[in-house]
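Worksheet: the structure to be examined is printed underneath.
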């Protein structure tokens, strides 16, 4: 059964199996996000992971900041189950919640104020208006000086860039499949409609232009807005709530 974004439990199972192979430089992205969080390893703070999947990003954060507490949100029961397994050693520091990204009630149930708000490969399921509304709401949940960091697909500005990103994504998955499994089995599965820049599913995947999203963040009031990493159409971007902004 599909959730409101069109994502199905079968999709979750496939992503659990192949995520490490089909996401470009997945662990590099996670480490960079940790580098951008305004905290020292011994700090106590709260963070939230929107569309947490199997918990890889939150686990990387907790490994870097072992005194942190993370709220993990996902629409998939399978993903939350796997996240609980992967984060078993941090069971007392995590709060797992099922949610619907297309609704807003879950925002009202979140505590304030977070030092970091992170999301990986989730928000592109919202349209432009949905993203803007979410970014505004998340800004209001950030502590002064806190950061929102998003790792996600972005829309190509033209067809030439789309083709370049598609080729780069193919190369990355092929190399990762060979390096980690010694075979092209994962790459062959990826070729079956996974490359958004070759076979976009516009009903499910709705990435927005990167520059437009950066402008939205600035208009909302984020500071230090930027794209911190970009490869094969996958960007890490975001911004900080000004430390002097007490809301």
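Structural remarks
- Some residue of region 14-23 being buried (at least 20 other Cβ atoms within 10 Å of the Cβ), part of a loop (DSSP other than H, G, I, E, B) and at pLDDT below 85: no
- Of all residues making up region 194-211, the number that are farther than 16 Å from residue 162 by Cβ and modelled with pLDDT of 95 or more: 0
- Any hit, region 177-184, residues being surrounded by 21 or more Cβ atoms within 10 Å (Cβ to Cβ), closer than 20 Å to residue 28 by Cβ and in contact with a helix residue (DSSP H, G or I) (Cβ under 9 Å, 6 or more places away or on another chain): yes
- Within region 53-71, being in contact with a strand residue (DSSP E or B) (Cβ under 7 Å, 6 or more places away or on another chain), without any contact (Cβ under 8 Å) to a residue 60 or more places away in the chain and under 18 Å from residue 13 (Cα atoms) holds for one residue alone: 55.
- Scanning region 215-247 for residues that are under 20 Å from residue 169 (Cβ atoms) and assigned to a strand (DSSP E or B) turns up 227, 228, 229, 230, 231, 234, 235, 236, 237.
- The residue of region 55-77 that is surrounded by the most Cβ atoms within 10 Å (Cβ to Cβ), among those that are at pLDDT below 95 and either in contact with a helix residue (DSSP H, G or I) (Cβ under 6 Å, 6 or more places away or on another chain) or more than 23 Å from residue 235 (Cα to Cα) (or both), is 76.
- Residue count, region 175-214 (criterion: within 20 Å of residue 235 (Cα to Cα), assigned to a helix (DSSP H, G or I) and without any contact (Cβ under 8 Å) to a residue 60 or more places away in the chain): 4
- Scoring residue 47 on the criteria (1) surrounded by fewer than 23 Cβ atoms within 10 Å (Cβ to Cβ); (2) within 23 Å of residue 224 (Cα to Cα); (3) in contact with a strand residue (DSSP E or B) (Cβ under 6 Å, 6 or more places away or on another chain) leaves a single failure, condition (1).
- Any hit, region 32-48, residues being part of a strand (DSSP E or B), under 14 Å from the mean Cα position of the chain (by Cα) and either modelled with pLDDT of 95 or more or under 28 Å from residue 166 (Cβ atoms) (or both): yes
- Condition met for residue 238 (touching a strand residue (DSSP E or B) at 6+ places or on another chain (Cβ under 6 Å), modelled with pLDDT of 90 or more, surrounded by 20 or more Cβ atoms within 10 Å (Cβ to Cβ) and under 21 Å from residue 118 (Cβ atoms)): yes
The values are calculated or read from the model by the stated rules, or taken from the named source; none is laboratory data. Just so it is clear, the structure is predicted and the values come from calculations on it, not from any experiment. When we count neighbours, we look across all protein chains shown, and the Cβ atoms used for this are built from the backbone with ideal geometry, even at glycine.
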